[in-house]
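Any read-out appearing in this document is the output of simple, stated calculations on the displayed coordinates, not a laboratory observation. Every value quoted in this text rests on a predicted model; they were computed, and no experiment measured them. Counting neighbours? That spans all protein chains shown, and the Cβs are built from the backbone with ideal geometry, glycine included.
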Amino acid sequence: MLALYYPLAAFLICLAATPAVQWMAHKRDWLAHPTADRWHQKPTALMGGIAIYAGISIPLYILSDFTIEKSFVPGIAPMHAGPHAGAVLWLGVTLLFILGLVDDFLKIKPQSKLLGQILVALMATFFGYRLCWFESMTLDTMISVFWIVGITNALNLLDNMDGLCAGVGAVASFFLAMLLWDTNFMLAVMCLILCGSLAAFLVFNFNPASIFMGDCGSLVIGFTLAFLSICYAGFSAPPHGIAKYACPIMVMMVPIFDTSLVTFIRLLSGRKASMGGKDHTSHRLVLIGLSEKKAALALYAIASISGLAAIFVDKHDTLSTPLVLVPLALAILLMGVYLAQLRVYPEKEFSVLRDKTFTPVLMELTYKRQLALVVLDFWLIAFSYYMSYRLRFNLGDFKFYFEVFLQSLPIIIGCKITAFYAMGVYRGVWDSFSFNDIYVHIKATLLGTLLSVVLITYVFRFQDFSKGLFVIDWLGLTGLVLLTRGSFRLFMDAMKRSSLKGDRVLLYGAGRGGEILLREIMNNKHRHLVPAGFLDDDPMKAGKRLQGYPVHAAKGDLDALLAKEEVRGIIIAYINPSEQNMARLREICRKNQLFLKKFSVCIEDVEV
């Protein structure tokens, strides 16, 4: 356990070095000034990567063994990664730190920086550190180089908001340490060294950041995580099963997701993938209403959930891993679909719709052809049926019934997709999911289950099947379908609220009229109004919330409330407000220089 002092040393070194680097940055004018494609609003110290590198390299140098054994053969992985892995890691970290430092000072060309990263990746594979995903050493070497370069750049791209790269890197290194703890304690300590250094840097880098790491920090973090995840896949992952493939990806889920999303959307919009911009996952989370702190914390949470899923996959058999892999993949996919719909570019050609808010390709899929829903339901049906078997039978029985599951799966999918189509599930619109749609989806899942039971009875005489299994399957599929559809509506509502701009107003009336007025404001941006809450005469409604907005007592201290909410006016949602209330509202608006309007919905006769 003496080795655990190394992560503590990394934390203390970085904690002491960061203020020194910050002082030097201000003295030498190593500052990042605000620009159009950057997120920060004031000049901020650079070169924080020097402190991160010091926190990592010093303990790692002491821990590592730099001797080369006589039996070493280039390109052939050692039997197990230990102190020698630390030497290779230290060398790669040092080379990339120098490369990043040169780029921070001189701004070298992207191709030159990429070449340096490739050379360092080739150095790691020369010493035998590969993913071991393929039997072909040539293919495995190429994929390993791609992994190292890709993850290194992904962490570099993730450094786009205060505390994001350091925080996600700390979370990833912690869970990677947990994966390695039982099989290779020395590698786990190296992960914790990175975690300790990043935790110390976060003290200064979390929002509002007083120092940025620069490329000399992000490249170091990226290479360290890429190399240690290769060590896990090559030396410590279970020899059989999906863990060696899935766990490294899950631990690196946030940087991989962010890089993939940004690259895909930039290419769709006709922009260069290498250019900067406020179009990363963190920026999109802010666009839907989160603060910068909450956006960073949300990505920490996603990285933690994905890390926990990786530990589950590492510790369990292949037949159990789909229980976490499929929901995680589905959640990440849906998040990508949601965030990709946000409009962040000003170019007209990016969106051909009247409402310049969404990506055209995604809208073609979701609004016109409904292909996305069909594909989604295909996987939901298969996963729900698989999950029902795993819940109904223990592992030993499931291995026996697995053949039955495979034989009946095509029938189950066919019956339920047909039932969904027949009940009109695919004629709905994602962002208008209502109680009536809930009823339709419940009928569709029930009809699909009944059709499945009938056809299973006809084909297999219901031999080796369980009635309880189909009940579990119906409940599971219904929950999954309603959850995914409901998430579409929730996201669309959140996006509409976050994009509202104009005068802040209070809505007088927290009843049906107030709900209709709120929907009108949310769906009609031309009103240029932003709801701040409701006023209502009923004291029983005070302190509650309607559609997420607070309800205030109309007979309370309105002067203080108006000052606190900084509203510009009041809109009456009552059909027939009393003269007493109208007189009081006029007096309040006159006193506080607010406008007073009345909302109404009317049906007029038209000459024919």
Output the Cα-based Rg and Dmax of the stretch 189-323 in Å, rounding Rg to one decimal and Dmax to a whole number. 16.8, 48
Based on DSSP, what percent of beta bridges with both residues in the chain are antiparallel, to the nearest 5? 20 percent
Whose amide H sits under 5 Å from the amide H of LEU535, counting only residues 5 or more places off or on another chain, with H placed in the peptide plane? LEU507, TYR508, GLY509, HIS552
Dipole moment magnitude, nearest 20 debye, the stretch 238-320 about Cα centre, only Lys, Arg, Asp, Glu C-beta charged: 340 debye
Sorted by packing (mean other beta-carbon atoms within 10 Å per residue), highest first, where do 250-263, 487-500 land? 250-263, 487-500
Determine the alpha carbon to alpha carbon distance for each of LYS42/LYS278; LYS416/LYS443; LYS525/LYS598; LYS496/LYS555 and list only those over 21 Å. LYS496/LYS555
Which loop-located GluC sites (Glu not before Pro) does the stretch 493-583 contain, where loop means any DSSP state but H, G, I, E or B and the Cβ has at most 15 other Cβ atoms within 10 Å? GLU566
Rh_Kirkwood(the chain) over Cα pairs, Å, one decimal, evaluates to 27.8 Å
I'd like to know which of ALA170, ALA188, ASN156 lies farthest towards the positive end of the charge dipole of the chain, counting +1 on Cβ of Lys and Arg and -1 on Cβ of Asp and Glu. ASN156
Near the amide H of LEU546, under 5 Å away, which other amide H atoms are found, from residues 5 or more places off or on another chain, if H is placed in the peptide plane? VAL551
With viscosity set to 1.567 mPa s at 4 °C, what whole-number translational diffusion coefficient in µm²/s follows for the stretch 370-497 from Stokes-Einstein and a Kirkwood radius over Cα pairs? 85 µm²/s
HN-Hα J in Hz across the stretch 391-396 - Karplus 6.51, -1.76, 1.60, θ = phi - 60°, x for Gly and Pro: 7, 7, 10, 6, 4, x
So if I take the alpha carbon set of the stretch 2-349, get Rg, then get Rh from the Kirkwood formula, what is the Rg over Rh ratio? 0.95
Rounded to the nearest 10, the angle in degrees between the Cα long axis of helix 579-592 and the longest principal axis of the Cα atoms of the chain comes to 50 degrees
So how do 309-321, 144-156, 389-401 stack up, highest first, on mean other-Cβ count within 10 Å? 144-156, 309-321, 389-401
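Taking square-rooted eigenvalues a ≥ b ≥ c of the alpha carbon gyration tensor, is the stretch 500-598 rounded, prolate or oblate, where a/c under 1.5 means rounded and, failing that, a/b exceeding b/c means prolate?
Rounded shape, in that the Cα axes give a/c under 1.5.
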